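These notes concern the structure reproduced below.
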Amino acid sequence: MTVHTTIDSALGHLLLVGEESHTAPGGTALTSLSLQGMKKAPPLRKEWRHDEAAFAEAVRQIQAYFTGELTVFHLEFTPTGSDFQQQVWGALDAIPYGATTTYGKLTEQLGLPRERVQAVGGAVGANPLLLVRPCHRVIGADNSMRGYAGGVERKVQLLTHEGALQPTLI
């Protein structure tokens, strides 16, 4: 059974979608975590059940992340991508809190030829689990903030929160 809920966060309204699971912390494996209204956010379906309680553990961890009490998420995800995307997403999961890497370094780490960097970027961009699978930690080779499904300003916000970027004084 697919379940969903929304929560408020420092990024805005988050839409959580998951599948009931007997092995997942809290009983729900995340399928998608997106900002409401985001282009790649899944459309709500009639057959999905709204269930705040099903996401209690995910919400607890997300809140702990934003208060600085959690640096690694311990949630179960339901695999939804191709084998290649799963490979890239596994590499994303290994990027530590407070660190960044580049698309080129990620490509190299995966043992792929340099010409596959765009494919790696596409897989990073297809990540359905905003925030909890840290695609925001991948930046351009020139340290620029390349695309982020939640918007580049939110990428900067997350990297600043994690200490990978210094706050900007205006």
message: Given the criterion open to solvent by 10 Å² or more (accessible area, probe 1.4 Å), in contact with a Ser or Thr (Cβ under 8 Å, 6 or more places away or on another chain) and at pLDDT below 95, identify the matching residue among Gly27, Gly12.
response: Gly27
query: under 13 Å from Ala91 (Cα atoms) and open to solvent by 40 Å² or more (accessible area, probe 1.4 Å), is that true of Gln109?
result: yes
- prompt: Can you tell me which residues in segment 136-156 are part of a helix (DSSP H, G or I) and modelled with pLDDT under 95?
  reply: Val152, Glu153, Arg154, Lys155, Val156
message: Scan segment 31-47 and tell me whether some residue there is in contact with a Phe, Trp or Tyr (Cβ under 8 Å, 6 or more places away or on another chain) and within 18 Å of Arg154 (Cβ to Cβ).
response: no
task: Sort through Ala64, Ala94, Ala126, Ala164 and tell me the only one that's in contact with a Gly (Cβ under 6 Å, 6 or more places away or on another chain) and either over 24 Å from Ala41 (Cβ atoms) or open to solvent by less than 40 Å² (accessible area, probe 1.4 Å) (or both).
output: Ala164
- line: When segment 133-148 is checked residue by residue, the ones that are open to solvent by 10 Å² or more (accessible area, probe 1.4 Å) and within 17 Å of Gly12 (Cα to Cα) are Tyr148
Failed item in (1) part of a strand (DSSP E or B); (2) open to solvent by less than 60 Å² (accessible area, probe 1.4 Å); (3) touching a Leu at 6+ places or on another chain (Cβ under 8 Å), with Met38 passing the rest: (1)
field: One residue from Phe84, Phe73, Phe55 being modelled with pLDDT of 95 or more, part of a loop (DSSP other than H, G, I, E, B) and among the hydrophobic types (A, V, I, L, M, F, W, C)
entry: Phe73
Qualifying residues in segment 17-72 (those that are of a type in the set (Phe, Trp, Tyr) and closer than 23 Å to His161 by Cβ) - the one farthest from the chain's Cα centre (by Cα): Phe55
When residues of segment 134-163 are limited to those that are touching a residue at least 60 places away in the same chain (Cβ under 8 Å) and touching a helix residue (DSSP H, G or I) at 6+ places or on another chain (Cβ under 7 Å), the one farthest from Val88 (Cα to Cα): Leu158
- prompt: Would you call Ala119 farther than 22 Å from Leu35 by Cβ and not basic (Lys, Arg)?
  reply: yes
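The values are calculated or read from the model by the stated rules, or taken from the named source; none is laboratory data. What you see is a predicted model, and the numbers here were worked out from it, not measured in a lab. Virtual Cβ from ideal backbone geometry, glycine too; neighbours counted across all protein chains shown. The protein model used for the area step is the full one, side chains on, heavy atoms only, and it has no ligands, DNA or RNA in it. Shrake-Rupley method; radii C 1.70, N 1.55, O 1.52, S 1.80 Å.
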